[in-house]
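Worksheet: one structure, shown below.
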Amino acid sequence: MKRVGIVVPTLGVRLLLLSKCLKSIRQFEGVHICLVGPSDVDFSDLLTRGLVDQVVLDPGLGLAGAINFGILKMPESIKFVNWLGDDDVLSPKSLEATSSFLALNQDVAMVFGGCDYIDGDSRLIWSNKSGQWAVPLMRVGPCLVPQPGSLFRRNVFEELGGLNTSFKWAFDYEFFIRLSRKYEIRYLPKTLASFRWHSDSLSVGGRKGSVAEASKVRKMHLSKKIRPVSFLWEIPVKVATEYAGYFVSRNAAKPKRRNR
């Protein structure tokens, strides 16, 4: 009986990258893959090839709503869940490591690890290897807890009400803060996934909106006493975050070196 479930929300327009994404997840035999997509795309071939176990219709509530719906529709046997962008990939043995850790550590609600940033040709741009310190940092600073490759308990996700659908970009960040206030999040010193950094990516293409929304998330979770003075660190955090995005985009735009 499968205990791990991964939701893959997709518009069905990047089928080659989607196939790579699904194959990276399928490396783990004990995973249930739920694809959430539009009604005008035929995903029957993916079902026939065994790349997905379930296809559900996108409810039209945005990306966060699609992920919530996918997790809701998974079989009751699924205990550990996450989602993965249709252009991202999991590292080998990623789900083995995270699911085993959660199974052995009942006091931990979520586990995360390192994440590589890659370009459209899968070339490494940068590696996020933040450690346990990233958990307390995200309450007042940038979110360096990678969502790709992480894994959390389904019952905790449901207890917290899932993802906040009012957010377009920072819904994962907002969920992590809520989760961290009640439960333990632990870091694994292992690269668990690769995030594809390109202009078609939602968080890359809407970088300024993403940074602004992340700032809104931080402020809404501060105490009322601290919120009025949050500008003291919010301004430098936003500037640093935007610069980090510029740095990664610049590296992604560099021409590939030819082998001689």
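The values are calculated or read from the model by the stated rules, or taken from the named source; none is laboratory data. Bear in mind that the values here come from a model prediction, so they are computed numbers and not experimental data. Quick reminder, even Gly has a Cβ in these numbers, built from the backbone with ideal geometry, and neighbours come from all protein chains shown.
Screening the candidates Phe175, Phe167 for the property of being of a type in the set (Phe, Trp, Tyr) and over 26 Å from Leu104 (Cβ atoms) yields one hit, Phe167.
What number of residues within region 51-63 satisfy the criterion of being assigned to a helix (DSSP H, G or I) and surrounded by fewer than 20 Cβ atoms within 10 Å (Cβ to Cβ)?
We begin by selecting, within region 51-63, every residue assigned to a helix (DSSP H, G or I); these are 62-63.
Then drop every residue that is not surrounded by fewer than 20 Cβ atoms within 10 Å (Cβ to Cβ), which leaves 62.
Residues that pass the stated criteria total 1.
Residues that are touching a Ser or Thr at 6+ places or on another chain (Cβ under 9 Å) and part of a strand (DSSP E or B) within region 19-50 comprise Val31, His32, Leu35, Val36, Gly37, listed in sequence order.
Looking at this structure, is Val217 modelled with pLDDT of 65 or more, within 18 Å of Arg181 (Cα to Cα), among the hydrophobic types (A, V, I, L, M, F, W, C) and part of a helix (DSSP H, G or I)? Yes. Taking residues in region 40-67 that are aliphatic (A, V, I, L, M), and partners anywhere that are part of a helix (DSSP H, G or I) and surrounded by fewer than 12 Cβ atoms within 10 Å (Cβ to Cβ), the pairs with Cβ atoms closer than 9 Å and at least 6 places apart or on different chains are Leu51/Asp45; Val55/Ser44. Among the residues of region 19-39, write down those that are surrounded by 14 or more Cβ atoms within 10 Å (Cβ to Cβ) and in contact (Cβ under 8 Å) with a residue 60 or more places away in the chain. Result: Lys20, Cys21, Ser24, Ile25, Gln27, Phe28, Val31.
Please verify whether region 182-198 includes one or more residues that are surrounded by fewer than 20 Cβ atoms within 10 Å (Cβ to Cβ) and at pLDDT below 95. Among the residues of region 182-198, at least one is surrounded by fewer than 20 Cβ atoms within 10 Å (Cβ to Cβ) and at pLDDT below 95, which makes the answer yes. Residues in region 23-38 that are closer than 23 Å to Leu163 by Cα and out of contact with any helix residue (DSSP H, G or I) (no Cβ under 7 Å at 6 or more places or on another chain): Ile25, His32, Gly37, Pro38.
Per the conditions (1) more than 23 Å from Leu160 (Cα to Cα); (2) in contact with an Asp or Glu (Cβ under 7 Å, 6 or more places away or on another chain), the sole criterion not satisfied by Leu57 is (2).
Pairing each residue of region 164-179 that is of a type in the set (Ser, Thr, Tyr) with any residue that is not in a loop (DSSP other than H, G, I, E, B), provided the two are 6+ apart or on different chains, yields C-beta distances under 6 Å for Thr165/Gly62; Thr165/Ala64; Thr165/Gly65; Tyr173/Ala214; Tyr173/Val217.
Note on region 4-18: among residues that are within 19 Å of the chain's Cα centre (by Cα) and part of a loop (DSSP other than H, G, I, E, B), the one that is surrounded by the fewest Cβ atoms within 10 Å (Cβ to Cβ) is Leu11.
Checking the stated criteria, Lys79 turns out to be closer than 17 Å to Glu29 by Cβ and charged (D, E, K, R).
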